[in-house]
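The values are calculated or read from the model by the stated rules, or taken from the named source; none is laboratory data. Predicted, not measured: the structure shown is a model, and the values here were computed from it. Here Cβ is always computed from backbone atoms with ideal geometry, including for glycine, and neighbour counts include all displayed protein chains. Quick note on the areas: whole protein, heavy atoms, side chains included, nothing else; ligands and nucleic acids left out. Shrake-Rupley method; radii C 1.70, N 1.55, O 1.52, S 1.80 Å.
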Amino acid sequence: MELEEAREFRERCSQCAAVSWGLTDEGKYYCTSCHNVTERSREIIDIGAIPNTKIQAINRGLKRKRKLEKGWDWYVCEGFQHILYQQAEALQSLGVGPELKNEVLHNFWKRYLQKSKQAYCKNPVYTSRRKTTVLEDNSSHSDWESEPELLSDMSCLSFAESGAESQPDVRTPKPFPIIKASHSETTSVCSGSLDGVEYSLRKEKGVMKMSVPRTLAFCYLSLLWQRETITLSDLLRFVEEEHIPYIHAFQNFPEEMKLYGRDKGIFAIESWPNYEVIFKKIIEVATFLDLPRFPDITENCYLHPNILCMKYLMEVNLPDEMYNLTCLVVKATGIGEVDFLRFDPIAKKAKTVKYDVQAVAVIVVALKLLFLLDDNLEWFLWKGEKPLYYSAIDRPVVYKRREMVVSLQKQFSTLVDSAPNIEKKKPSSFQFNWTEEDSERPCFHGHSLQGVLQQKGQSLTTKNSLYWLSTQKFCRSHCKHVTTYEESNFSLSYQFILNLFSFLLRIKTSFLHEEVSLIEKRLFKAKYNKTNKKSSRSRKARKY
């Protein structure tokens, strides 16, 4: 019986080269000539054919299942590599060029592995167990989904000035692969990854530990290097709209990469990313990697303040003529110069520009130049035909009510009256849609500013000649913030404008107020210098 069932196995015996097999009680093949027992087992559907047989020993399908339950050997850095791959794929589906994934982000990640001594260095941190798969070299593959291997080329970036320990060899660029590790029984009992516990406790000085929020920092730095048409606020909005994996990114790990215990504390995220937090991590990552000077932001680049100002003017349905005024503010403050916009992480005095927040701050300053935003002047500039009122006491009430209905309430009504959208929104650079054909949402893009401008020679100037500074006195340099913001100290119209743009960018109102103050400081240098002189004189007088 057993000889008949073993006839399907036609391989030659490794000992005597005979093809004559039988089955042991455990279901393994043995040579009837030399009695050599192989490791091969016969898959059996009817377990009654072989008496006293354990299913686990003869059913290879169950063996594979047990291996699947046990999972692969994998390291924490390999988990983050999976997340970066998912995010890069998502960005590419949004229209970003493939170079971001296959070259820029790939090289940034490789640089991190080298700087953190996890790969591409003389003494990697993983020496007691198997090497991380990102260390292996397999030049025959050129796909993220190929065998594990990191790109060894950094020729698209110049790191000669960074002073790194060891520079990688220059080779032909290849895309960044997905991890596919081997099976093992050495997985930690406290985590699915081999180094989950060790990684959680690791606090080496000068080494930046990877985290899920920092994956967004890597993505934004790659977008900035490529000068793509996605700002940081756009990136975070796409994350919230679930176009880019973030909170549940670990759920897309291969089934063999088991995640539990300490791994959850590393990869599980319970809140959406915060602009200020991610921006700080961007600086941390760029500094840790010793990245060279980024490509210049010129007037034709999407991140230039003039282009972003036009974008946000359209976004909030403001007249196109305001663009001329925002361009004047950009020119007067010098924030449109290449040197100002350049991001150079390793420079002695490295500047960091919040391109989207800065552009919105310019629009706020332009609105203050036009309407002052002090809860008084704007009502008189917006009035049309003379309204009727019964007495002098009713006059201010009638004016305010009329202008509120005609201007602000009508213009921004969609912000509060829009019906909830159950379907997932398609990704777009614009959050609102204003068209002249839509009677319910009036479009003000083509409207004129004639009522608030006046002819002076060959140029137009604002009828309003007043201006109040958002911040009278800045904090000292050692303070963590530039200025403070308390709503009770400012007009309602100014608060409304700040809240509108803060909602648009998903940032704190105080964050935008600080940027407005910095723009004003550059625009009104004389006023601030005069204020500083007065304060210094008063301090001297108090001394005497």
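Here Leu68 passes the criteria (1) at pLDDT below 55; (2) aliphatic (A, V, I, L, M); (3) assigned to a helix (DSSP H, G or I); (4) in contact with a Phe, Trp or Tyr (Cβ under 9 Å, 6 or more places away or on another chain) except the one numbered (4).
Considering the conditions (1) open to solvent by less than 40 Å² (accessible area, probe 1.4 Å); (2) more than 26 Å from Asn107 (Cα to Cα), Met314 is excluded by exactly one of them, (1). Does Lys525 meet the test of being modelled with pLDDT under 95, basic (Lys, Arg) and closer than 20 Å to Leu328 by Cα? In short, yes.
Take Thr326 and tell me if it is closer than 15 Å to Tyr220 by Cα, in contact with a Pro (Cβ under 9 Å, 6 or more places away or on another chain) and not hydrophobic (A, V, I, L, M, F, W, C). First the steps, then the outcome.
Numbers: closer than 15 Å to Tyr220 by Cα: no; in contact with a Pro (Cβ under 9 Å, 6 or more places away or on another chain): yes; not hydrophobic (A, V, I, L, M, F, W, C): yes.
Against the criterion (closer than 15 Å to Tyr220 by Cα, in contact with a Pro (Cβ under 9 Å, 6 or more places away or on another chain) and not hydrophobic (A, V, I, L, M, F, W, C)), Thr326 does not qualify.
Is it the case that Ile283 is touching a Ser or Thr at 6+ places or on another chain (Cβ under 8 Å), open to solvent by 40 Å² or more (accessible area, probe 1.4 Å), modelled with pLDDT under 90 and not small (Gly, Ala, Ser)? When the stated conditions are applied, Ile283 does not pass them.
Filtered by the rule that a residue be more than 23 Å from Ile307 (Cβ to Cβ), of a type outside the set (Ser, Thr, Tyr) and in contact with a Pro (Cβ under 8 Å, 6 or more places away or on another chain), region 242-269 gives Asn252, Ile269.
Conditions (1) at pLDDT below 95; (2) in contact with a strand residue (DSSP E or B) (Cβ under 7 Å, 6 or more places away or on another chain); (3) more than 22 Å from Lys115 (Cα to Cα), marked per residue:
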{"position": "Tyr260", "(1), (2), (3)": "yes, yes, yes"}
{"position": "Gly265", "(1), (2), (3)": "yes, no, yes"}
{"position": "Trp272", "(1), (2), (3)": "yes, no, yes"}
{"position": "Tyr275", "(1), (2), (3)": "no, no, yes"}
{"position": "Phe294", "(1), (2), (3)": "no, no, no"}
{"position": "Asn300", "(1), (2), (3)": "yes, no, yes"}
{"position": "His304", "(1), (2), (3)": "no, no, yes"}
{"position": "Lys311", "(1), (2), (3)": "yes, no, yes"}
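Mind checking which residues of region 237-253 are aliphatic (A, V, I, L, M) and in contact with a His (Cβ under 6 Å, 6 or more places away or on another chain)?
Selection gives nothing.
Residues in region 471-497 that are open to solvent by less than 80 Å² (accessible area, probe 1.4 Å) and at pLDDT below 85: Thr471, Phe474, Cys475, Cys479, His481, Val482, Thr483, Tyr485. For region 217-248, filtering for residues that are touching a residue at least 60 places away in the same chain (Cβ under 8 Å) and open to solvent by 20 Å² or more (accessible area, probe 1.4 Å) leaves 10. Only a single criterion out of (1) buried (at least 17 other Cβ atoms within 10 Å of the Cβ); (2) at pLDDT below 95; (3) under 24 Å from Phe288 (Cα atoms) is not satisfied by Asn123, namely (1).
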